[in-house]
1. Can you work out which of the residues in segment 63-116 that are part of a loop (DSSP other than H, G, I, E, B) and under 12 Å from Y28 (Cβ atoms) is modelled with the lowest pLDDT?
2. Could you pull out every one of the helices (runs of 4 or more DSSP H) wholly within segment 1-61 that has 3 or more residues that are at pLDDT 85 or above?
3. I'd like to know if segment 95-103 contains one or more residues that are of a type in the set (A, V, I, L, M, F, W, C) and without any contact (Cβ under 8 Å) to a residue 40 or more places away in the chain.
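The values are calculated or read from the model by the stated rules, or taken from the named source; none is laboratory data. Keep in mind that this is a model prediction, so the values were computed, not measured. All Cβ positions, glycine included, derive from the backbone under ideal geometry; neighbour counts span all protein chains shown.
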Amino acid sequence: MRVLALGFICALAITSEAEAGPTGKQLYKACQSPGGIYHGGFAGGFCNGYIAGVAGTLVVSGQICLPHRAEYGQVFTVTIKYLQQHPEAQSNFGATAVVAALRAAFPCPGAASPRK
């Protein structure tokens, strides 16, 4: 998990702003495509890796607290549902949208409410 989070942080550090990754809309479309998150294939691997990388970074940094024995399937479902219910988030960078979804769904006990 820590290696995945470190890899994600390094990838962000060496990527220019213009190449910072997909928008929320691009991520949502890729995850919903026939080769998307629930269907396997390249798009499924991309979605799984992207969302898992953001989630891992948030867990390691203490920004979200997953329930005991949580499965990553929950993380993906929460993210996709958030993007469906918050179309405005689709105009953000994909990582920003994933962070918003996961902070809202998995706050740490005693943490302040996430900013909207």
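1. Pass one, segment 63-116, residues part of a loop (DSSP other than H, G, I, E, B): 63-71, 86, 92, 106-116.
Now restrict to residues that are under 12 Å from Y28 (Cβ atoms): 86, 92.
Working: H86: 95, N92: 91.
Among those that are part of a loop (DSSP other than H, G, I, E, B) and under 12 Å from Y28 (Cβ atoms), it is N92.
2. Working: elements: 2-14, 24-32, 41-60.
Where helices (runs of 4 or more DSSP H) fall fully within segment 1-61 and carry at least 3 residues being at pLDDT 85 or above, they are 24-32, 41-60.
3. Restricting attention to segment 95-103, the residues satisfying the condition of being of a type in the set (A, V, I, L, M, F, W, C) are 95, 97-102.
Subsequent filtering for residues that are without any contact (Cβ under 8 Å) to a residue 40 or more places away in the chain retains 100-101.
Looking for residues that are of a type in the set (A, V, I, L, M, F, W, C) and without any contact (Cβ under 8 Å) to a residue 40 or more places away in the chain, one finds at least one in segment 95-103, hence yes.
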